[in-house]
Structure formats: C-alpha cells, structure tokens
1. Inside the stretch 50-70, can you point out the residues that are at pLDDT below 90 and over 23 Å from residue 118 (Cβ atoms)?
2. Any residue in the stretch 61-80 that is without any contact (Cβ under 8 Å) to a residue 12 or more places away in the chain and either under 23 Å from residue 161 (Cβ atoms) or outside any strand (DSSP E or B) (or both)?
3. Out of the stretch 99-131, which residues are more than 15 Å from residue 86 (Cα to Cα), in contact with a strand residue (DSSP E or B) (Cβ under 8 Å, 6 or more places away or on another chain) and surrounded by fewer than 17 Cβ atoms within 10 Å (Cβ to Cβ)?
4. Report yes if residue 13 is more than 25 Å from residue 165 (Cα to Cα), touching a strand residue (DSSP E or B) at 6+ places or on another chain (Cβ under 8 Å) and outside the structural domain of residue 156 (by TED's automatic domain parsing), otherwise no.
5. If the Cβ limit is 6 Å and pairs must be 6+ apart or interchain, which residue in the stretch 147-168 that is in the same structural domain as residue 70 (by TED's automatic domain parsing) pairs with which residue that is in a helix (DSSP H, G or I)?
6. Restricting attention to the stretch 64-83, which residues are within 22 Å of residue 31 (Cβ to Cβ) and surrounded by 15 or more Cβ atoms within 10 Å (Cβ to Cβ)?
7. Checking residue 88 against (1) in a helix (DSSP H, G or I); (2) within 29 Å of residue 142 (Cβ to Cβ), which test does it fail?
8. Mind listing whichever residues of the stretch 25-52 are in a loop (DSSP other than H, G, I, E, B) and either loosely packed, with under 14 Cβ neighbours inside 10 Å or in contact (Cβ under 8 Å) with a residue 40 or more places away in the chain (or both)?
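The values are calculated or read from the model by the stated rules, or taken from the named source; none is laboratory data. No experiment lies behind these values; they were computed from the predicted model shown. Heads up, the Cβs are rebuilt from the backbone with ideal geometry, glycines too, and the neighbour counts pull from every protein chain shown.
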C-alpha cells in the first residue's frame with residue numbers, strides 16, 4: 001500500500017508521513033496508522049496536514065482533532081473549499097480558525113464568510129514574489145521571512161486560548 005516513515009525533524013520535532021504507492025487509492029488506513037503513532041506521544045502537540053476539500057482522507061485527518069487550522073486563499077475556489085471544511089468541522093464539533101494565504105488585497109466574500117460564521121482569521125500571509133520564490137526552492141516561511149516565527153507563535157497561542165475557551 002505504501003510506506004510509513006517517522007523520525008526527528010528540527011528542534012526536537014518528530015515528523016511522520018505516509019507515502020502511498022503510485023495508484024494506491026486507500027489513504028485512510030495510512031492516516032489511521034499515523035494517528036496511532038501520534039497517540040504514543042502523550043502531551044505533545046500533533047499537527048496533521050491534509051489537502052483542501054472534504055475527501056475521505058481529509059475527514060479522517062480531522063477526526064479526533066482538538067482544533068482545525070483551515071488554510072485558504074482569497075479566491076472563489078478557496079472560499080468554496082473553506083465552506084465545505086467548516087461545515088464538516090462543525091458537524092464533528094471541532095473549533096476552527098483560518099489562515100489566509102497568498103492574500104493580495106481585499107476579498108470581501110471571504111471576510112464576510114469568516115465574520116458570519118465567527119471564524120477567527122489568525123494570520124494573513126501576503127501574496128509576494130519573495131515568499132513564492134522561497135517556497136518554490138523548498139524553504140519554509142520562517143526561513144524566508146523570520147518575522148513569521150513570532151507570528152506563528154502568536155497563532156499557536158490563539159489556538160490554545162480558543163481551545164481552552166471551548167472547554168475541550
């Protein structure tokens with residue numbers, strides 16, 4: 001079906017991933033195994049990355065989560081996927097917040113949706129050539145723009161506050 005790998009990343013962070021064999025349609029069993037490994041790390045923050053939308057792998061990644069950090073873009077397609085993910089997250093009873101990526105000016109439908117559904121916008125990342133070039137070279141956002149280290153720490157603090165406030 002594929003390969004599951006784990007090991008140290010940076011600064012004591014443990015990284016795990018599942019790589020499906022080419023043409024393998026069954027991602028959910030791999031995600032479940034990765035989630036089992038994560039339960040062996042009590043007291044650790046576990047971040048699960050999933051693609052946009054609400055496919056079975058996305059829903060399985062959401063299941064059992066304490067918080068959904070929904071990354072979107074200020075486009076009709078980004079808003080469409082965000083609406084679906086918010087609906088699934090609400091049906092699962094998981095609080096959510098939003099990061100707007102590749103922001104290039106105002107996109108009122110996205111802001112209105114977030115306001116209407118009480119979704120906090122935790123971070124806005126601008127659509128800038130320097131960031132795009134760095135990402136294309138395999139660099140992380142903090143490596144490209146060091147100021148985002150404190151901004152991402154603020155996002156983590158905001159998530160903790162929301163999580164604590166939800167009584168979870």
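1. 51
2. For the stretch 61-80, residues without any contact (Cβ under 8 Å) to a residue 12 or more places away in the chain and either under 23 Å from residue 161 (Cβ atoms) or outside any strand (DSSP E or B) (or both): present.
3. 104, 124, 126, 127
4. Against the criterion (more than 25 Å from residue 165 (Cα to Cα), touching a strand residue (DSSP E or B) at 6+ places or on another chain (Cβ under 8 Å) and outside the structural domain of residue 156 (by TED's automatic domain parsing)), residue 13 does not qualify.
5. Filtered contacts from the stretch 147-168: 148/141; 148/142; 149/142.
6. The answer is 65, 67, 68, 69, 70, 71, 72, 81, 82.
7. (2)
8. Result: 25, 26, 40, 41, 42, 43, 44, 45, 47, 49, 51.
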